[in-house]
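What follows draws every value from the coordinates through simple rules; no lab data is involved. As the structure is a prediction and not an experimental result, all values here were calculated from the model. Here the Cβ positions follow ideal geometry from the backbone for every residue, glycine too, while neighbour counts run over all protein chains shown.
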Amino acid sequence: MPRGRVFYGWWVVGGGFGLEALIGALLFHAYGAYAVLLREEFGWSKTLLSAAFSMARAESGILGPVQGLLTDRLGPRALIRAGMILFGIGFMLFSQIEGPVTFFAAFFVMALGSSLGGYLPIGVAIVAWFRRRRALALSISATGMAVGGLLTPLVVLALSRFGWRWTAFASGLLVLVVGVPLAQVMRHRPEAYGWTPDGDPPRAVRARSVSAPPPVDAERDFTAREAMATRAFWYIAIGHGAALLVVSAVMVHMVIHVTERLGYSLHQAGGVVALMTVMQATGQVSGGWLGDRFSKRWIAAGCMLGHAVALMVLALATAFWMVLAFAVVHGLAWGMRGPLMSAIRADYFGAAAFGTITGISSMIVMLGMMGGPLVAGILADRTGSYLPGFSVLAAMAALGSVAFVLARRPPAAR
């Protein structure tokens, strides 16, 4: 790999941005719109649609430790490439479903692909390339997910004009054409390519240069076993899982709530998603900048309260301005908190076993991704309203802020 003027770590960030945008636009932000159309065609319940999303998150959590270990040992590029191929094939299979069994099977392949090609291996790559600007680099990459949300109205337009089957098949082709080449950009450790983290000069050169940046303190790397022995590991995982109770419920149910209960159109709901993701992008950039300068755990704790307040506003909404207020607050909280989840783990436990540590954490975090849609969906089917489910999830998110407050940096493992 040639050494150019631009630090290659920023190319890794750019690749992560593109991959996150694909996954966000085609699956995570668009799932709510697909859910509306699937309910119209098949008459499926909110619980069934929630169960598919939750099953996918369970798969991600169960395979997380294996995926993290493989990423640490094989590097992120191989896993991301395989993930994008599965993600594209999954969409093509999804376009052919005829019932719940084929729906669950296709969605499983899509979810597996997005997991192998998404958050964890991208984070492993970026954490290895950055230290001083780690939160900023992670936040820029994660902004791709928000940009994907901005593209959701285009997906909704395609769903309306061409139908969900053709849109799903075209999405699969797009993933194969764009996602697989983006995977080739990703690299693991900078030292293997003649770089150092943040693009700083080697120590021998830096020692002779008065104008070079100050040396970065060496990180103390924890093993996965050592990390699990700390309280911080568990508090971060619990807080992260509590946040995803809200995030996952919104992904699955927000569009249904806005269209069925509040009576707005699918295009208006797509506009809400777009506003939410504009605020998410704003939060990600500002959160990354703040996270490199101030306490990540206190920022995360504040964002948890933002998640809780936003969900209650959505639950109690009686006018469209309240839905827009939800989108602003939730988007900011999601954007600021999201990249800090990887950054705080890397700060506390180092980069050497980051993939394995994050993968093990995902077994706890997945409970939030699974539980949010199920709690909201089951209670909505039984009561005819999203208010009970959204209220429970908001309360749990507020309690999750305490976990981040308690997640103090552990003493050095060695």
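Points to keep in mind about this one:
- Listed residues Ala310, Ile299, Ala111: farthest to the positive end of the dipole of the chain (Cβ charges): Ile299
- FRET efficiency for Val66 and Met322, using Cβ-Cβ distance with R0 set to 60 Å, rounded to 0.05: 0.90
- Computed over neighbours whose Cβ is under 9 Å from that of Tyr235, the net charge equals +3, Lys and Arg +1, Asp and Glu -1.
- If R0 is taken as 35 Å, the Cβ-Cβ distance between Val101 and Gln268 corresponds to a FRET efficiency of 0.55.
- Mean ellipticity per residue at 222 nm, deg cm²/dmol - from DSSP H runs of n ≥ 4 across the chain, formula -39500 (n - 2.57): -25000 deg cm²/dmol
- The protection proxy used here, the mean number of other Cβ atoms lying within 10 Å of each residue, ranks peptides 164-170, 132-138 as follows, highest first: 132-138, 164-170.
- Computed lengthening from Met55 to Leu74, 0.36 nm per intervening residue step minus Cα-Cα distance: 4.2 nm
- Screening the chain for DSSP H helices whose Cα atoms reach 27 Å or more along their own axis and whose mean Kyte hydropathy is at least 1.6 gives 231-256, 387-406.
- The loop-placed chymotrypsin sites (Phe, Trp or Tyr not before Pro) in segment 282-335, going by DSSP, that have at most 13 neighbouring Cβ atoms within 10 Å of their Cβ come out as Phe294.
- When you filter the trypsin sites (Lys or Arg not before Pro) in segment 282-363 for DSSP loop state and at most 16 other Cβ atoms inside 10 Å of their Cβ, you are left with Arg293.
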